[in-house]
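A short worksheet on the structure shown next.
Each reported figure results from applying straightforward, stated rules to the coordinates on display, with no laboratory input. Quick caveat, the model's predicted, so the values are computed rather than measured. Don't worry about glycine lacking a Cβ; one is built from the backbone with ideal geometry, like all the others, and counts go over all protein chains shown.
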Amino acid sequence: MGKLTEMHFNGKAVIRAVAAAVALLMLVPASFAVADTAQSPEASVESTDGLPPNPRHSWETSASKSASSPDESGSLSLQASSSPYWRNGDFYDGKGALFAASGMKVADISEWQSYSNGKLVKNIDWNTVKSASGVNGVILRVGYGETLDKSFAYNIKEVKRLGIPYGIYHFSYATNASEAEAEGQWVAKTLKSYGATNLAYPIFYDLESWSWKSNGVTHTSPSDPATNQAIFNAFASAMKQAGFSDNSLRVYTNAYRLQHELNTDALHRRASWVAQYGTKLQYPYPYNSSDLGWQYTDAASVAGISGPQPKVDMSAFRNPCTQGATSTKKPVYRLFNPNSAKHHYTVSSQECQVLVNLGWKFETIAFYGYQTSAIAKLHDSDVKAVFREYNPNDGNHNFTTSVIEHETLASKGWKTEDIAWLAPLEGTTVYRLYNAYNGEHLYTTGKNEYDTLPRYGWRQEGTAWTSL
């Protein structure tokens, strides 16, 4: 995979980096509400060459082709009065409920925007997309089955050239695990050949309903959840064997399919990009709430896209780096660098965003502390300061409440940084572990993680501090 940058931040450096970069885990309920847009296979297509046809999303129906769509009760409501909307960078559903604070507007792109009947009509003007569209990122279709999307080579070259944050999706025509494994091997080989490895968004396996014919034989998508689970597992296994991180492999589908053909706990854990056109997203997103993407329309206009199908699918993605904060409660974000295999912790949403844009993987909100600005309302005896130090030789950061450790590290060449956050004297235990191989410290509230990691060479170091 592409070389990720080990970065050291201070306040001013973060502001400069942000100015230069585009900002970019409950049991599954037995059932969900009826979906706005019903899911059904697209009309059966006759293949003349024996290969699967170029697919469209099978739910691209009422949202753009009708003045109304069923709402959550199943009745019809006018789109004009209940459509989701953006306001000051935040995204709201049609009922006015906030879905994504500081959300990311993300378009998904395929050859449909550039080609007609297999022939190039007009390429996307990516300079305009970046400068004038208001889009924060894109998800590019790499292909379908084992067929390359005709526009992928051009699109990936342009988004990389311009530094537009991007992710990948691949439409699956697999009917069993063996075919899915072949798709995974094909996708991994293709992405590597185009240098598409340092992604800001995940790699989405597009699991939809489909039907096509060849020589009198009808091929249809699997409807059994266990079969679809095996299909995803085989695809993911092939991708991981090729060096792609497990955390980057997700599922794209619609809310209805998650209740039916894809209704397994493991697939829900992977579903972080969900399509539903209408008033609101009727999916409880039990596992991926912090970075969930809602594809809310297939009829968005984007400056720079004016080819044979100028309207595009648009999604609102939650920014995990802006979730969980209150006026006093500060989330500590945990990120992972898949190349160095090191973790980093920060309370800075700006630093978090910069790292994500550079290819670091957002893992979770690790724990909570007080905002440093809350110190005026607290007594010194109520909190402990968590100090942060940086080792310029190996790129490690250290966090500690010990003044002695803080000063000792400084005497050994570590750079001392500001107080990272304030930890309460009582609360949820945050454990600390040490990896002698790379010098990293890991901080976690997970007792299972704390008890499991020693099997892999980590040394338990007890309680680091407590979390709100």
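Annotations for the structure displayed:
- Amide H contacts of Thr147 (H built 1.01 Å from N, under 5 Å, at least 5 apart or other chain): none
- Between the amide H of Gly163 and any residue lying 5 or more places away or on another chain, no distance stays under 5 Å, with hydrogens modeled in the peptide plane.
- Phi to ³J(HN,Hα) by Karplus 6.51 cos²θ - 1.76 cosθ + 1.60 over the range 313-319, Hz, x for Gly, Pro: 6, 10, 10, 10, 9, 5, 8
- Net charge contributed by nearby residues that have their C-beta within less than 14 Å of Val106 (K/R +1, D/E -1): +1
- Multiplying the residue separation of Asn117 and Asn391 by 0.36 nm and removing their Cα-Cα distance gives an extension gain of 93.0 nm.
- Segment Asn127-Thr175, extension gain: residue separation times 0.36 nm, minus the distance between their alpha carbons: 13.4 nm
- Each 5 Å bin from zero holds the following percent of Cα-Cα pairs in the range 311-468: 2, 9, 16, 21, 21, 16, 8, 3, 2, 1, 1, 0, 0.
- Above 17 Å, the calculated P(r) of the range 105-146 contains 39 percent of its Cα-Cα pairs.
- Highest average first, the peptides 108-116, 450-458 ordered by how many other beta carbon atoms sit within 10 Å of their residues are 108-116, 450-458.
- Over all Cα atoms in the range 163-273, the spread is summed up by Rg and Dmax: 14.0, 46 Å.
- Within straight-line reach of Lys240, meaning a Cα separation under 29 Å, sit the following lysines at least 8 residues removed in sequence or on another chain: Lys3, Lys105, Lys150, Lys157, Lys160, Lys189, Lys192, Lys342, Lys361, Lys447.
- Cα→Cβ-extended label distance, 7 Å offset, between Tyr456 and Lys412, nm: 2.4 nm
- Close amide-amide hydrogen proximity is noted between Thr466 and Val430, each under 5 Å apart and 5 or more residues distant or on a separate chain (H modeled in the peptide plane; Pro and chain starts excluded).
- q = 0.19, 0.26 Å⁻¹, the range 386-446: log10 I(q)/I(0) [Debye, one scatterer per Cα]: -0.75, -1.23
- Debye log10 I(q)/I(0) at q = 0.10, 0.15, 0.18, 0.20 Å⁻¹ for the range 71-195, Cα point scatterers: -0.46, -0.88, -1.03, -1.09
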